[in-house]
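Everything below concerns the one structure shown next.
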Amino acid sequence: FQKPEMSTGNISTVNTEFILIGFPGLEGYQHWLTIPFSVMYILAIVGNIFLICIIKLEPNLHTPMYTLLCVLATVDIGLCTSTIPKMLQIFWQKVCSISFEGCFIQMFFIHVMSSLESSTLAVMAYDRTRAMSAVNVSSVHPAGFVLIGFPGLDSVQQWLSIPFTIMFIFALAANSIIVFVVKHEQALHTPMYFFLSVLAVVDIGLCTTILPNMLQIFRHNPSFISFEACFIQMFFIYFFTSLESSILVVMAYDRYVAICNPLRYTSILSTAFLGKLFSVFIIRGLILTSLIPIFASMLLYCSSNIISHCYCDHMAVAKLACTDITNNSLSQISVAFSILGVDVLFITFTYVMILRVVLKLGSNAARLKAFNTCGSHLFIIMYFYITSLFNFLVYRMGEKVPPHIHVLFAVLYLLVPPVLNPIIYAVKTKEIREAFLKHVLRKKVNPATNIPV
């Protein structure tokens, strides 16, 4: 923006336009940002237009609930159209000018659309409240649910308790050791090991939320869980899953800074920055994942209360409802894209940037070291998101997948990372091995040979 020219008694503006530069400090990479933002923009436009067309063409959807959904889709189209096209222009041209009037017109529409988004969500919440108040709540849900574990494998579930108990004990012990070692070893008080200890805490929470109840099912097949406890478990499963995804994002960014901008590593990943970042991720997880159990608990459960699963999975529970669960399915898709989808796009972009830098390294040894540093992280990322996608798609288009196979993948998708993370991240890290020998086994390590003395 051009500075105003001072004149006697007044101020006159020479050039009435602003210059938008995009993300400060990332000018060299902004043209790559066009890819994920273009994909998000196309998905938002096409998805919301498709939703409006379906509601308009289907007479059965001409109800207040779906009318509100149609209004929300229209507002979403307006909101992203107010910002994304200009952003893509900035990413492509590196800088972009906008007229004085155009800037404030854009500002006006952003705030109007945001307020309409909030208002529509408030009306939708009121609509659901009124719909639920029309029935006697005590007659529309059971006292609890019955979890049967792996469908069709009732006779062998007692034997399954052995490997799952071993996994549970190992996950608790290994992740607790990582937290203990990182806390007590001063040399490990760096961002990378801090992320590792936070990941270990989340893994402990995730497996503790699921496995004790699973082992109870295997021992006392089937197992009863109260109505409230089922949805509390559902919340914590999705909340810890969202935190797991968030930490994988932060660890990918950590590798990006360490490889692409090592001289500014400590200044970029400062304590204040990390505190703000984790606060945002926790708030995101609390708000978005709480929507899933809240909406599911508002459904009418007037038939079977038997869940063909090892834990209170959202769709496994929602399918027991005797009302339409379209909104619940859409809400889960929205939450999944807002958390896992956005995280995958960011991680992909981060590793593309890392790959570009690594391929420019002149030394093969340096390339090998960089690939070795990122390889284990990529393996965990691919396992976590691919199994998550499989679990997500089977409920919607996997009718031919045997139920026990689907439940097995749904369980392993949540339980394998807490077991693998300590092995891949800790056992392969020399500093953690040395700290483990020092603080847990009380042995000294020879710095020259790395052999316990």
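The values are calculated or read from the model by the stated rules, or taken from the named source; none is laboratory data. What you see is a predicted model; the values in this text were computed from it and never measured. Positions of Cβ are backbone-derived with ideal geometry, glycine not excepted, and every protein chain shown enters the neighbour counts. Quick note on the areas: whole protein, heavy atoms, side chains included, nothing else; ligands and nucleic acids left out. Shrake-Rupley method; radii C 1.70, N 1.55, O 1.52, S 1.80 Å.
The sole residue among S242, S246 that is touching a residue at least 40 places away in the same chain (Cβ under 8 Å), touching an Asp or Glu at 6+ places or on another chain (Cβ under 8 Å), crowded, with 18+ Cβ neighbours inside 10 Å and within 23 Å of L389 (Cβ to Cβ) is S246.
The set of residues in region 369-384 being under 20 Å from D203 (Cβ atoms), open to solvent by 30 Å² or more (accessible area, probe 1.4 Å) and either polar (S, T, N, Q) or touching a residue at least 24 places away in the same chain (Cβ under 8 Å) (or both) consists of L378, F379, Y383. Tell me, which residue of region 98-138 that is open to solvent by 70 Å² or more (accessible area, probe 1.4 Å) and of a type in the set (S, T, Y) is modelled with the lowest pLDDT? The extreme case among them is S138.
Yes or no: K360 under 30 Å from L153 (Cα atoms) and either in contact with a Cys (Cβ under 8 Å, 6 or more places away or on another chain) or open to solvent by 60 Å² or more (accessible area, probe 1.4 Å) (or both)?
Working: under 30 Å from L153 (Cα atoms): no; either in contact with a Cys (Cβ under 8 Å, 6 or more places away or on another chain) or open to solvent by 60 Å² or more (accessible area, probe 1.4 Å) (or both): yes.
Criteria not met by K360.
Are any residues in region 65-104 closer than 30 Å to S331 by Cβ and among the polar types (S, T, N, Q), and if so, which ones? Those that are closer than 30 Å to S331 by Cβ and among the polar types (S, T, N, Q): T67, T74, T81, S82, T83. Residue count for region 330-376, restricted to those that are more than 27 Å from V280 (Cβ to Cβ) and either within 23 Å of the chain's Cα centre (by Cα) or among the aromatic types (F, W, Y) (or both): 2.
Tell me yes or no: at least one residue of region 197-207 is assigned to a helix (DSSP H, G or I), crowded, with 17+ Cβ neighbours inside 10 Å and among the acidic types (D, E). For region 197-207, residues assigned to a helix (DSSP H, G or I), crowded, with 17+ Cβ neighbours inside 10 Å and among the acidic types (D, E): present. If you scan region 144-195, which residues turn out to be in a helix (DSSP H, G or I), open to solvent by 60 Å² or more (accessible area, probe 1.4 Å) and closer than 30 Å to C302 by Cβ? D154 - this is the single residue of region 144-195 that is in a helix (DSSP H, G or I), open to solvent by 60 Å² or more (accessible area, probe 1.4 Å) and closer than 30 Å to C302 by Cβ.
Does F50 qualify as being part of a helix (DSSP H, G or I) and not acidic (D, E)? Give the derivation first.
Values: part of a helix (DSSP H, G or I): yes; not acidic (D, E): yes.
Yes.
Sub-6 Å Cβ pairs linking a first residue in region 72-91 that is farther than 14 Å from I49 by Cβ and open to solvent by 40 Å² or more (accessible area, probe 1.4 Å) to a second residue that is part of a helix (DSSP H, G or I) and charged (D, E, K, R), at least 6 apart or interchain, number zero.
Sub-6 Å Cβ pairs linking a first residue in region 157-172 that is within 16 Å of V407 (Cα to Cα) to a second residue that is at pLDDT below 90 and surrounded by 12 or more Cβ atoms within 10 Å (Cβ to Cβ), at least 6 apart or interchain, are Q157/G149; Q157/F218; Q157/N221; L160/F218; S161/L215; S161/F218, ordered by first then second residue. Among the residues of region 29-56, those that are open to solvent by 50 Å² or more (accessible area, probe 1.4 Å) and either farther than 24 Å from V75 by Cβ or modelled with pLDDT under 80 (or both) comprise Y29, H31, W32, I35. Checking each residue in region 306-325 for being under 22 Å from I405 (Cα atoms) and surrounded by fewer than 18 Cβ atoms within 10 Å (Cβ to Cβ) picks out I306, K319.
Considering only region 416-432, how many residues are among the charged types (D, E, K, R) and either over 16 Å from L378 (Cβ atoms) or open to solvent by less than 40 Å² (accessible area, probe 1.4 Å) (or both)? Final tally of qualifying residues: 2.
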